[in-house]
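Asks: Structure incoming, see below.
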Amino acid sequence: MAKKYYVVWEGNNTGVFDSWQKCQAQIKGYPNAKYKSFKTKEAAEAAYHGNFSDFIGNKVKKEKAVISEAERSRIIWDSIAVDAACSGNPGDMEYRGVQTKNGDELFRIGVFKKGTNNIGEFLALVHGLAYLQGIKAYTMPIYSDSRTAMAWVRNKKVKTNLKRSRVNEQIFDLITRGETWLKKNTFKNPILKWETEKWGEIPADFGRK
């Protein structure tokens, strides 16, 4: 896996860190931490000395992965892609779906308290499938970069260690609705794994890793 550098603008400590583990230590337990990954140390240092609002959320400036023509030909561009983001584990969770070919946002749900990234990925997939059924795109593929979420959808069951509480009650209600939808509906949409190492971040990525 290619090395990444992480900028923490707001956290327990701020700066540029050369591993996810070091970055995670700075954001764990810090409400609304501001952070993002970069592919080079130079880009990370430049971003750290800039304004985080230019790199976070809707204003994120993504570094485009260089995809070979051979790999580009493997991607089914007439599809949608889904992803989730979670600040902490558990933490504030949200998910969204976009058009793979141009990144146009189709739906965005959250923020929910005390969730996990895997749960967000599962909910994103189910929402994506229901969205495709709603627009009668019965065979359009949907991309996810989460093998765990894909397995949960395949088995129509979420297996999480997250404890239910008053704070995250809504998340568990959504999980139940998602599982029920999968059991009551059939779909032909292929659920495909986004090959991050070859293609870069999934088009639905929030740009906060």
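Asks: As a check on your grasp of the helix formula, calculate [θ] at 222 nm for the chain: sum -39500 (n - 2.57) over DSSP H runs of n ≥ 4, divide by the residue count, round to the nearest 500.
Replies: Value at 222 nm, helices only, nearest 500: -9500 deg cm²/dmol.
Asks: Largest first, how would Cys86, Cys23 line up by accessible area (1.4 Å probe)?
Replies: Heavy-atom accessible area, descending, gives Cys86, Cys23.
Asks: Still on this structure: Looking at the square roots a ≥ b ≥ c of the eigenvalues of the Cα gyration tensor of the stretch 124-209, which shape do they give, rounded for a/c under 1.5, prolate if a/b is larger than b/c, or oblate?
Replies: Taking the square roots of the gyration eigenvalues as a ≥ b ≥ c, the stretch 124-209 is oblate.
Asks: Ok, one more. What is the stretch 1-46 by shape, rounded, prolate or oblate, if you read a ≥ b ≥ c off the alpha carbon gyration tensor as root eigenvalues and call it rounded for a/c under 1.5, prolate for a/b larger than b/c, and oblate otherwise?
Replies: The shape class here is prolate.
Asks: Tell me, in nm to one decimal, what length is gained between Lys184 and Thr14 on full extension, where the rule is 0.36 nm per residue of separation less the Cα-Cα distance?
Replies: Stretched out fully, the Lys184 to Thr14 stretch lengthens by 56.4 nm.
Asks: I've got another one for you. Please work out how much length the chain gains when fully extended from Lys28 to Ser73, using 0.36 nm per residue of separation minus the C-alpha to C-alpha distance, in nm with one decimal.
Replies: That works out to 12.3 nm of additional length.
Asks: Which percent of the accessible heavy-atom area of the chain goes to carbon and sulfur, probe 1.4 angstrom?
Replies: Carbon and sulfur atoms account for 49 percent of the accessible area of the chain.
Asks: Taking square-rooted eigenvalues a ≥ b ≥ c of the alpha carbon gyration tensor, is the stretch 81-161 rounded, prolate or oblate, where a/c under 1.5 means rounded and, failing that, a/b exceeding b/c means prolate?
Replies: oblate
Asks: To continue, here is another question. With charges only on Cβ, +1 for K and R and -1 for D and E, what is the dipole size of the chain about its Cα centre, in debye, rounded to 20?
Replies: 700
Asks: Which of Ser73, Ser19, Ser144 ends up with the largest GNM mean-square fluctuation for the chain, with Cα atoms connected below 10 Å?
Replies: Of Ser73, Ser19, Ser144, the Gaussian network model singles out Ser73 as fluctuating most.
Asks: With springs only between Cα atoms under 10 Å, which of Tyr35, Tyr138, Tyr95 fluctuates most in a Gaussian network model of the chain?
Replies: The residue that fluctuates most here is Tyr138.
Asks: Of the labelled options (i) 1.04; (ii) 0.97; (iii) 1.11, which one gives Rg/Rh (Cα atoms, Kirkwood Rh) as computed for this structure?
Replies: So the structure-derived entry is (ii).
Asks: Considering only the other residues whose Cβ falls under 9 Å of the Cβ of Ile109, what net charge follows from Lys and Arg at +1 and Asp and Glu at -1?
Replies: +1
Asks: Near the amide H of Tyr143, under 5 Å away, which other amide H atoms are found, from residues 5 or more places off or on another chain, if H is placed in the peptide plane?
Replies: Those lying under 5 Å, H to H, from Tyr143 are Ile80, Ala81, Val82, Leu192.
Asks: Next up: Check Glu10: other-chain or 5+ apart residues with amide H under 5 Å from its amide H, H built from backbone geometry?
Replies: Lys34
Asks: Could you sort Trp20, Trp152 by their accessible area in this structure, using a 1.4 Å probe and putting the largest first?
Replies: Descending accessible area places them as Trp20, Trp152.
Asks: Angle, helix 117-134 long axis vs. longest principal axis of the chain, Cα atoms, 0 to 90°, nearest 10?
Replies: 40
The values are calculated or read from the model by the stated rules, or taken from the named source; none is laboratory data. Worth saying up front: this structure is predicted, and the values here are computed from it rather than measured. As a convention, Cβ positions derive from the backbone with ideal geometry for all residues, glycine included, and neighbour counts pool all protein chains shown. To get the accessible areas, we keep the full protein, side chains included, count just its heavy atoms, and leave off ligands, DNA and RNA. Shrake-Rupley method; radii C 1.70, N 1.55, O 1.52, S 1.80 Å.
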